[in-house]
1. How do the peptides B:359-371, A:84-96 rank, highest first, by the average count of neighbouring beta carbon atoms within 10 Å per residue?
2. Considering every Cα-Cα pair within the stretch A:2-110, what fraction, in whole percent, is farther apart than 19 Å?
3. Quick one: Kirkwood hydrodynamic radius for the protein assembly as shown, alpha-carbon pairs, angstrom, one decimal?
4. Taking Cα pairs under 8 Å and at least six residues apart, what relative contact order does the stretch A:2-110 come out at, in percent?
5. Below 8 Å between Cα atoms, with a sequence gap of 6+, how large is the relative contact order for chain B in percent?
6. Going by C-beta contacts inside 10 Å, put B:347, B:341 in order with the fewest on the left.
7. Per DSSP helix of 4 or more residues, -39500 (n - 2.57); summed, then divided by the residues of chain A. What does that give at 222 nm, rounded to the nearest 500?
8. Using all Cα-Cα distances in the stretch B:319-435, what percent lands in each 5 angstrom bin from 0 up to the longest?
């Protein structure tokens, strides 16, 4: 079944220059392995097509059940140079949560998603 | 020695809720009030203010705030750490001394002054000696913008603030000090931590990171079950209840709104994070992958098990420079076909700007209600949208070109697509862009100065 990331995680995002950071936090401990498996740096780069013009880096924080992503060249120059409404990348968090992933029915059932 | 101290955050940024620091002092027990006033480009605004008036150049709001809370701070032994001094720490301290005298606190308190961060006058010397101050993001050398620099400050850490506290300062005022240092310093001072006890310094640094954005860890801007977060109108700002062993609890005053729980603290922990193993400050390198969190009752989260590593031999430098001009114009188009109308207006505007031959470095059109936050991820909008805001921004080095752009927005009302409004604010303003240039400098080049003055 197709699962939207918003069912599995919450997030907060911010900026460092022209780089947006998205911290993705599993809503439940047992969802963390799923987001580690599904939400790869490549997948995030494709998800943010047309928005993220640079590399995507991913870091794991198993202690917090969280992943941190750095989306380089994403904020129109960043800081005061940017003309974007969201020059600080504050809404990249929920943009990330729009991602959808295919999860087997068995797994979804075992996670209580259906 | 105290076994625990309560450090309260009073401001998440310069311009945060004015009543928050007052409530932190008045609505429950605290030992320290930490106030962060400096955003990345704040220093350049302060340099300009100081150029006009040698007595200015610091966070002016800090002085009336001190007037309001100093009697209670002296009475109840609360100490204040604040980077309110901007580019005129001495001026800020003198103003605080004056209000303390007015309040009859002469002989009853000292003010600590931490300087040495301002390196604007030394930039040429650094460059001449081969310290290039390359931009940490782009790798470009500072000479590229040398003639446009407006401010240059090294980030100082906790150590000089500790020195001021050790000398008995009731209020410690700094220039560009890290916000984490403002929280860590009271712990080092109270618990006598060694400056190479990396695990403890990392713990205090992470406590600082959690509370430095004010209510953003206590229910504000929190996605987790946001609909159920109680009484944000009355939101409680965070308090770090630190123990000598390097563990701490994040909490807030009883009776305030908002919420402190594991998800709210996690959200703040990942905010503006880079490599989680390498959170670098002047004081240490903190490892966020070692942090453990546990619920500790209502609105209390225990944070423990934090590991740190030795500080690096560099300090971060924040340089601001003039980077041209920008302006943003907006208009609102109403149903029906609001998006089509806004797109048509953008096309007309671009054709007119083309004909004027304006020299612009960048032009960006966004449609608020359609794609301003999530871009193409938002998908195609419903044809039935009630309204769409056209938002056009331009940037360039030629001020006159930007001025001309601002005169092209209002005419669209009578010369473009119909059902348009939203121009009550008048012509867009041309803004000078002050951009941020982060760099590194060897620590040996920077010496913090600490002094205390009697009121």
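Quick note: the coordinates plus some simple rules give every number you see, no bench work behind them. It should be emphasised that the depicted structure is a prediction, and the values quoted were computed from it without experimental measurement. Reconstructed Cβ throughout: ideal geometry from the backbone, glycine too, with neighbour counts over all protein chains shown.
1. On the way: B:359-371: 17.7, A:84-96: 21.2.
Per-residue Cβ counts within 10 Å, averaged per peptide and sorted highest first, yield A:84-96, B:359-371.
2. On the way: 2398 of 5886 pairs.
Percentage above 19 Å: 41.
3. On the way: mean 1/r = 0.0396 Å⁻¹.
One over the average 1/r among Cα pairs gives 25.3 Å for the protein assembly as shown.
4. Details: 207 pairs, mean separation 41.7, N = 109.
Answer for the stretch A:2-110 is 38 percent.
5. Numbers: 1030 pairs, mean separation 82.7, N = 455.
Relative CO of chain B lands at 18 percent.
6. On the way: B:347 13, B:341 23.
The order, fewest Cβ neighbours first, is B:347, B:341.
7. Values: 4 runs with 25 residues, N = 114.
Taking each H run of at least 4 residues, the total per residue is -5000 deg cm²/dmol.
8. Calculated P(r), rounded to whole percents: 2, 12, 21, 22, 18, 14, 7, 3, 1, 0.
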